[in-house]
Amino acid sequence: MEKKRILVTGANGQLGKELRDLATQYKDADFLFVSREDLPIHHFDLVRNVFDSFKPHFCINAAAYTAVDKAETEQELAHLINAEAVGVLAAVSAAHDCRFVHVSTDYVYDGSQIGAHKESDATAPVSVYGKTKLEGEQLAMQLDPQSIVIRTSWV
Ligand SMILES: NC(=O)c1ccc[n+]([C@@H]2O[C@H](COP(=O)([O-])OP(=O)(O)OC[C@H]3O[C@@H](n4cnc5c(N)ncnc54)[C@H](OP(=O)(O)O)[C@@H]3O)[C@@H](O)[C@H]2O)c1
């Protein structure tokens, strides 16, 4: 049986490194871990090239602009990476029949609730980081409704 190919972006981040460690337990899958240097996700032609050559069955997006405070003054860059690039990853995944798995954050909520959130709770991001992450979620779902979006508070 053909091995499943799994592309993981943002491979040198906290989540990317955890996934790299976990991947050793999954011998029946072929992983391609790409760091920001290997695949800057905001370079859309490079994204398409990697999909064309690796032909992933799954793409896990662990790449993100995560500097919450700095995002307030780098709005365009945060938007490019957390929103636009996520949309492109989703669209390219859909075109390649690849399941897109995207990691988001509880910063999409306003932070006022004590305790766990439900998916159906109203989103109301108060920071640029939270707003760009929410927009990324929305683009992913619009451009590839098969996307899996995981909202978490920690990794
Ligand atoms: N850590 C948490 O507690 C937490 C909580 C909730 C949600 N999340 C979400 O989980 C995901 C992973 O977060 P993390 O904690 O692993 O963040 P991280 O440690 O900051 O890792 C993010 C990675 O993305 C890379 N990156 C940045 N811009 C890129 C670009 N344009 N193209 C490709 N790669 C790029 C970074 O590269 P450099 O290392 O070169 O900067 C870094 O390796 C994010 O979506 C984040 O929103 C994290």
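Each value in this text was obtained by applying a stated rule to the coordinates, not by laboratory testing. Being a predicted model, the structure only gives us computed values, none of them experimental. Neighbour counts run over all protein chains shown; Cβ positions are idealised from the backbone, glycine included.
Output wanted: per-residue J couplings in Hz (rounded whole) for the stretch 4-21, from phi through Karplus 6.51 cos²θ - 1.76 cosθ + 1.60, θ = phi - 60°, x for Gly and Pro.
Using θ = phi - 60°, the values come out as 6, 9, 10, 8, 10, 8, x, 5, 9, x, 4, 5, x, 5, 4, 5, 4, 4 Hz.
If amide hydrogens are placed 1.01 Å from N in the peptide plane, which non-local residues have theirs closer than 5 Å to the one on THR105?
Hits under the 5 Å cutoff: THR152.
Net charge within 11 Å of ALA11 by Cβ-Cβ distance, Lys/Arg positive one each and Asp/Glu negative one each, not counting ALA11 itself?
0
Add -39500 (n - 2.57) for each DSSP H run of 4 or more in the chain, then divide by its residues: what number comes out at 222 nm, to the nearest 500 deg cm²/dmol?
Computed ellipticity for the chain at 222 nm equals -10000 deg cm²/dmol.
What pairs from LYS70/LYS131; LYS70/LYS133; LYS17/LYS55; LYS55/LYS133; LYS4/LYS27; LYS3/LYS55 go past 19 Å between their alpha carbons?
LYS17/LYS55; LYS55/LYS133
For a quick check: sort VAL50, VAL155 by the number of other beta carbons within 10 angstrom, fewest at the front.
Ranking VAL50, VAL155 by Cβ neighbours within 10 Å, fewest first, gives VAL155, VAL50.
Pick out which of ASN49, ASN61, ASN12 has the largest mean-square fluctuation in a Gaussian network model of the chain, springs linking Cα atoms closer than 10 Å.
Among ASN49, ASN61, ASN12, the largest mean-square fluctuation in the Gaussian network model of the chain belongs to ASN49.
So for the stretch 4-152, averaging the separation of alpha carbon pairs under 8 Å that are six or more residues apart and normalising by length, what relative contact order in percent results?
Numbers: 262 pairs, mean separation 37.0, N = 149.
Reported as a whole number, the value is 25 percent.
Excluding ASP121 itself, calculate the net charge of residues whose Cβ lies under 14 Å from the Cβ of ASP121, where each Lys or Arg counts +1 and each Asp or Glu counts -1.
-2
Scan around PHE31 for amide H atoms under 5 Å from its own, H built in the peptide plane at 1.01 Å from N, and keep only partners 5 or more places away or cross-chain.
Hits under the 5 Å cutoff: ILE6.
Rank these for me by crowding, PHE58, PHE33, going from fewest to most other beta carbons within 10 Å.
Ranked by crowding around the Cβ, least crowded first: PHE58, PHE33.
Can you sort THR152, THR9 by how many other beta carbons sit within 10 Å, fewest first?
THR152, THR9
Grab the other residues whose beta carbon is less than 13 angstrom from that of ALA94, score K and R as +1, D and E as -1, and report the net.
0
Dipole magnitude of the chain about its Cα centre, charges +1 at Lys/Arg Cβ and -1 at Asp/Glu Cβ only, in debye to the nearest 20? Walk me through the intermediate numbers first.
Values: 15 positive and 22 negative charges, 92 e Å.
Dipole magnitude for the chain comes out near 440 debye.
Using modelled backbone amide H atoms (1.01 Å from N, in-plane), which distant-in-sequence or interchain residues come within less than 5 Å of ARG99's amide H?
For ARG99, the qualifying residues are PHE58, CYS59.
Which residue, LYS55, LYS133, LYS27, has the most motion in a Gaussian network model of the chain that connects Cα atoms within less than 10 Å?
Comparing LYS55, LYS133, LYS27 in a Gaussian network model of the chain, the most mobile one is LYS27.
Taking the chain as a Gaussian network, where each spring joins two C-alpha atoms under 10 Å apart, which residue of THR132, THR123, THR73 fluctuates the most?
Comparing THR132, THR123, THR73 in a Gaussian network model of the chain, the most mobile one is THR73.
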